[in-house]
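The values are calculated or read from the model by the stated rules, or taken from the named source; none is laboratory data. The structure displayed is predicted, hence computed values, not measured ones. Counting neighbours? That spans all protein chains shown, and the Cβs are built from the backbone with ideal geometry, glycine included. Surface accessibility is based on the protein's heavy atoms, side chains included, excluding ligands, DNA and RNA. Shrake-Rupley method; radii C 1.70, N 1.55, O 1.52, S 1.80 Å.
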Amino acid sequence: MTGPGTHAASRIDRVELHEFTYQVDGFGRDPHGALCCKPGGVEKVSAFCLVITTADGLRGEYCPMHSGKNPAIASQVAALAPRLIGQDAFAREGIWHALRWSQRHLGAIGLSAIDVCLWDLAGKAVGQPIARMLGGFRSRLPTYASTTHADRNGVLSSKEAFGDFAVQCRDLGYVGFKIHGWGEGDPREEAANVLHVRRAVGDGMALMIDPACTLRSFADALHVGRACEEAGYFWYEDPFQDMGTAPTAHRRLRELIRVPLLLTEHVRTLEAKVAWITEGATDFLRADPEYDGGITGTMKTAHLAEAFGLDLELHGAGPAQRHAMAAIRNTNFYELSLVAPGVRNPIPDIFACGYADEIGAVGADGCFPVPDGPGLGVTYDWEKITRMTTQRRSWPA
């Protein structure tokens, strides 16, 4: 991972992995294990924060925000961490390729947190936000409210509840609203919800639906897709139980409905996303700094989509997503996930600055800001993280 021209003084000399748990109130789990609202419920969620330091005192920090997959991701980070020692912290491209190769059988998800952490380190070293280093051209991000999964507990448990919440989000200023439906994947219930929410908010708000691969068959996906078509939805995402990995099936679906499809959230590696474009299987690509090789991998995917004239939509909320979106021309919305009426966003509350991904934090312009401090532009509350830490690993030990 090193070669001529490396920065000997900025070699990585320590990697720390702080794993912690935090409590979210008002939540339970749906039949698939996804977080959903449950009045009086309490869930423990796992998370981690990665720290990389260099011999000359540089420091990068990153805490992924998508808590559900964090235990598996942390294990991959731990496997890769020893390989970072002695490497040039600024040689992100070389590190990216080497670590990707070493986890080629695993989708290289652990590489993502490492890459973002190295971008944070580099930004702090030069006193610039990552967005500016990427050539960012905007500081305000149009945002859609992305719901928690539907529940049977009296919160987002009916089409009327979804309609009321969509109106609330519209009135707060959100320019879009995305439904995550019920785990049972009943196409009639999902289609009725699609149509009702459109009637509730009117024509001025972008609407999306993500069944999260719960619809059981192609026929079910087609049924819901036709409702999306009738209601003028902005996109239809990951409909059925191929787990969003079968381009041929989605090309056939795309031939039968006139609502744009958004796929590839579950497709790992840059090259694997190409077939979705060449087969005409999706209208939008998906990428996520937490799953798709960090900021480096996300930008590669954005440029891939741009070369084919497609838009790329970023998955999830977080500082890394905001900085990447600031520098991507061919994208439309920031996803504020996962929100519901009466509860706070079930992401770790670990910031000691003004950063927030909460439903009420949207601006009057329907946008969220891009942090303008060095690196990720956020300050973590290390006192709080330390109190919640369940395991701390470091390299060298």
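State yes or no: is Gly154 modelled with pLDDT of 95 or more, under 30 Å from Val15 (Cβ atoms) and of a type outside the set (Lys, Arg)? For Gly154, the condition - modelled with pLDDT of 95 or more, under 30 Å from Val15 (Cβ atoms) and of a type outside the set (Lys, Arg) - is not met. Looking across segment 198-228 at every residue that is within 24 Å of Leu336 (Cα to Cα) and acidic (Asp, Glu), the one that is nearest to the chain's Cα centre (by Cα) is identified as Asp210. Selection over segment 223-241 of residues that are in contact with a helix residue (DSSP H, G or I) (Cβ under 8 Å, 6 or more places away or on another chain) and open to solvent by less than 30 Å² (accessible area, probe 1.4 Å) gives a count of 9. Among the criteria (1) crowded, with 23+ Cβ neighbours inside 10 Å; (2) closer than 22 Å to Phe333 by Cβ, the one Pro260 does not fulfil is (1).
The lone criterion from (1) in contact (Cβ under 8 Å) with a residue 60 or more places away in the chain; (2) open to solvent by 30 Å² or more (accessible area, probe 1.4 Å) left unmet by His180 is number (2). Note on segment 183-216: among residues that are part of a loop (DSSP other than H, G, I, E, B) and open to solvent by less than 40 Å² (accessible area, probe 1.4 Å), the one that is nearest to Gly316 (Cα to Cα) is Ala212. Taking the criterion of being within 18 Å of Glu190 (Cβ to Cβ), crowded, with 17+ Cβ neighbours inside 10 Å and touching a strand residue (DSSP E or B) at 6+ places or on another chain (Cβ under 9 Å), the residues of segment 154-172 that qualify are Val155, Leu156, Phe162, Phe165, Ala166.
Looking at Asp288, Asp242, just one residue is in contact (Cβ under 8 Å) with a residue 24 or more places away in the chain and in contact with a strand residue (DSSP E or B) (Cβ under 9 Å, 6 or more places away or on another chain), and that residue is Asp288. Report, by residue number, each residue of segment 332-346 that is open to solvent by less than 40 Å² (accessible area, probe 1.4 Å) and either of a type in the set (Ser, Thr, Tyr) or closer than 22 Å to Arg140 by Cβ (or both). Across segment 332-346, the qualifying residues are Phe333, Tyr334, Glu335, Leu336, Ser337, Val339, Asn345.
Given the criterion among the aliphatic types (A, V, I, L, M), over 22 Å from the mean Cα position of the chain (by Cα) and under 25 Å from Pro348 (Cβ atoms), identify the matching residue among Ala91, Ala81, Ala125, Ala74.
Working: Ala91 fails: under 25 Å from Pro348 (Cβ atoms); Ala125 fails: under 25 Å from Pro348 (Cβ atoms); Ala74 fails: over 22 Å from the mean Cα position of the chain (by Cα).
On inspection, the qualifying residue turns out to be Ala81.
The one condition from (1) within 25 Å of Ile347 (Cα to Cα); (2) modelled with pLDDT of 95 or more; (3) open to solvent by less than 20 Å² (accessible area, probe 1.4 Å); (4) not small (Gly, Ala, Ser) that Arg59 does not meet is (3).
Would you confirm whether any residue within segment 281-293 is open to solvent by 10 Å² or more (accessible area, probe 1.4 Å), among the aromatic types (Phe, Trp, Tyr), under 26 Å from Arg252 (Cβ atoms) and touching an Asp or Glu at 6+ places or on another chain (Cβ under 7 Å)? Yes, segment 281-293 contains a residue that is open to solvent by 10 Å² or more (accessible area, probe 1.4 Å), among the aromatic types (Phe, Trp, Tyr), under 26 Å from Arg252 (Cβ atoms) and touching an Asp or Glu at 6+ places or on another chain (Cβ under 7 Å).
Please work out if Thr269 is open to solvent by 20 Å² or more (accessible area, probe 1.4 Å), under 30 Å from His97 (Cβ atoms) and β-branched (Val, Ile, Thr).
Details: open to solvent by 20 Å² or more (accessible area, probe 1.4 Å): yes; under 30 Å from His97 (Cβ atoms): yes; β-branched (Val, Ile, Thr): yes.
Spelling it out, Thr269 is indeed open to solvent by 20 Å² or more (accessible area, probe 1.4 Å), under 30 Å from His97 (Cβ atoms) and β-branched (Val, Ile, Thr).
Apart from one condition, Ala275 fits all of (1) surrounded by 18 or more Cβ atoms within 10 Å (Cβ to Cβ); (2) under 27 Å from Ile328 (Cα atoms); (3) aliphatic (A, V, I, L, M); the exception is (1).
Within segment 35-52, is there a residue that is open to solvent by 10 Å² or more (accessible area, probe 1.4 Å) and hydrophobic (A, V, I, L, M, F, W, C)? The answer is yes; a qualifying residue exists.
Cβ-Cβ contacts under 6 Å between residues 6 or more apart (or on different chains), taken from a first residue in segment 151-169 that is within 15 Å of Leu336 (Cβ to Cβ) and part of a helix (DSSP H, G or I) to a second residue that is of a type outside the set (Lys, Arg) and at pLDDT 95 or above, are listed as Phe165/Pro341; Ala166/Phe177; Ala166/Val197; Ala166/Ala200; Ala166/Val201; Cys169/Ala145; Cys169/Phe177.
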